[in-house]
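First comes the structure, then the notes that go with it.
The values are calculated or read from the model by the stated rules, or taken from the named source; none is laboratory data. All values reported here derive from a predicted model rather than from experimental measurement. Here Cβ is always computed from backbone atoms with ideal geometry, including for glycine, and neighbour counts include all displayed protein chains.
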Amino acid sequence: MNKWEWSRLGKIIAPMSDIPWMSTWCGPAFATVVKGTDLVDIYFSGRGTDNCSRVGRIRIDINDPNKVLQVSKEALFDLGELGTFDENGVSYPWIIEKDGLEILYYVGWMPTLRTPFNLQLGAAKRNSNIENPDNKFIRISRAPILSRTHEEPFSTGSVCVLFDEQEQLFKMWYTSFLGWGLEEGDHKHQYVIKYAYSKDGLIWARDNISCITPINEGEHSICSPSVRFNKHLALWEMWFAFRGEHYQIGYAQSKDGEHWSRQDEKAGLTASGNTKDWDGKAVSYPHVFEHKGKTYMIYSGNEYGKTGIGLSVLKTDL
């Protein structure tokens, strides 16, 4: 395989001035197929005029993705209490269903004094048997679910969580900050993707395993992992976002899910190159999902999603 090839299906959502939680910005997204249908619910981070991120939902038909069928008028997951780790924003949703519950993993934002912000990972839940897709999520804990450690004293960002049926284990690939720039000309921040595992999805073991690290000159930020196990290749695959000047989408493979080989040339989806396009300069925050034998990717465009969220489909799959 030289590379995956994606067909762009177009932009499916952009900020809507009449929807307060997403009036100025649409960011990282997670897609889930409504059981027994061709409908897809897309949960994503939106921002309003207060510049704080909240999580809401739209619904599309995968056969006509450019027509939005439903939009949640209110955020389904809102800011945390004043003084908590997510008082200033909740974003980067990832949802996993297990034992009658939908668990929402998300990133909480808090402003800080000497650095622009601090990010930590939180978790919320709702009953997956309730048919109303606008049923709101409730926090499992008001505190982060990944505590700071000596090896990881800074921020924790976007995650991908899967349940491995064979090993009966939750597996997480998450963004871990390495530090902040100290001198003029330094990158503002640096982060990589690491690995953790859990028996219950809430208490996590971390062995400080770095999965995806910089390989390109000027590259400093790697985030938003989306992982699947490809049975045909007998390999784990990951699409992720990385950036120097602008975000792009990378790709990696692994035999065990812990040790990865970056092969960005195979990612298959790049910025269009036309500066007038909504995704002409940057593509980022991928989420790869499958439906009826096809593989789709939700992704954000220029300026971290300010221009909107798009959808693409693999031309050929294995």
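Observations, loosely collected:
- Members of segment 15-55 that are crowded, with 21+ Cβ neighbours inside 10 Å, out of contact with any Leu (no Cβ under 9 Å at 6 or more places or on another chain) and among the basic types (Lys, Arg): Arg47
- Listed by position, the strands (runs of 3 or more DSSP E) enclosed by segment 44-121 that each have at least 3 residues that are more than 21 Å from the chain's Cα centre (by Cα) are 64-71.
- Pick from segment 1-14, criterion hydrophobic (A, V, I, L, M, F, W, C) and either crowded, with 18+ Cβ neighbours inside 10 Å or under 22 Å from Asn302 (Cβ atoms) (or both), ranking: modelled with the lowest pLDDT: Trp4
- Hey, Glu81 modelled with pLDDT of 95 or more, over 21 Å from Phe289 (Cβ atoms) and crowded, with 16+ Cβ neighbours inside 10 Å or not: no
- Selection count, segment 259-268, where residues are over 14 Å from Trp4 (Cα atoms) and surrounded by fewer than 16 Cβ atoms within 10 Å (Cβ to Cβ): 2
- Test result for Lys194, basic (Lys, Arg), under 23 Å from Pro28 (Cβ atoms) and either touching a residue at least 60 places away in the same chain (Cβ under 8 Å) or loosely packed, with under 13 Cβ neighbours inside 10 Å (or both): no
- Residue in segment 137-151 that is crowded, with 17+ Cβ neighbours inside 10 Å and not in a loop (DSSP other than H, G, I, E, B) present: yes
- Test for Asp41: is it out of contact with any helix residue (DSSP H, G or I) (no Cβ under 8 Å at 6 or more places or on another chain), over 24 Å from Gly250 (Cα atoms) and in a loop (DSSP other than H, G, I, E, B): no
- So Arg114, is it among the charged types (D, E, K, R), under 26 Å from Glu303 (Cβ atoms) and free of Cβ contacts under 8 Å to residues at least 40 places away in the same chain: yes
So that you can scan it fast, the table gives a plain yes or no per residue for (1) surrounded by 18 or more Cβ atoms within 10 Å (Cβ to Cβ); (2) within 24 Å of Thr213 (Cα to Cα):
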| residue | (1), (2) |
| --- | --- |
| Thr270 | no, yes |
| Ser284 | yes, yes |
| Val288 | yes, yes |
| Lys294 | no, no |
| Asn302 | yes, yes |
| Gly308 | yes, no |
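- Selected residue (criterion: farthest from Trp94 (Cα to Cα)) from residues of segment 230-264 that are in contact with a strand residue (DSSP E or B) (Cβ under 8 Å, 6 or more places away or on another chain) and in contact (Cβ under 8 Å) with a residue 60 or more places away in the chain: Leu233
- Of the residues making up segment 272-318, those that are hydrophobic (A, V, I, L, M, F, W, C) and either out of contact with any His (no Cβ under 7 Å at 6 or more places or on another chain) or assigned to a strand (DSSP E or B) (or both) are Trp278, Val283, Val288, Phe289, Met297, Ile298, Ile309, Leu311, Val313, Leu314.
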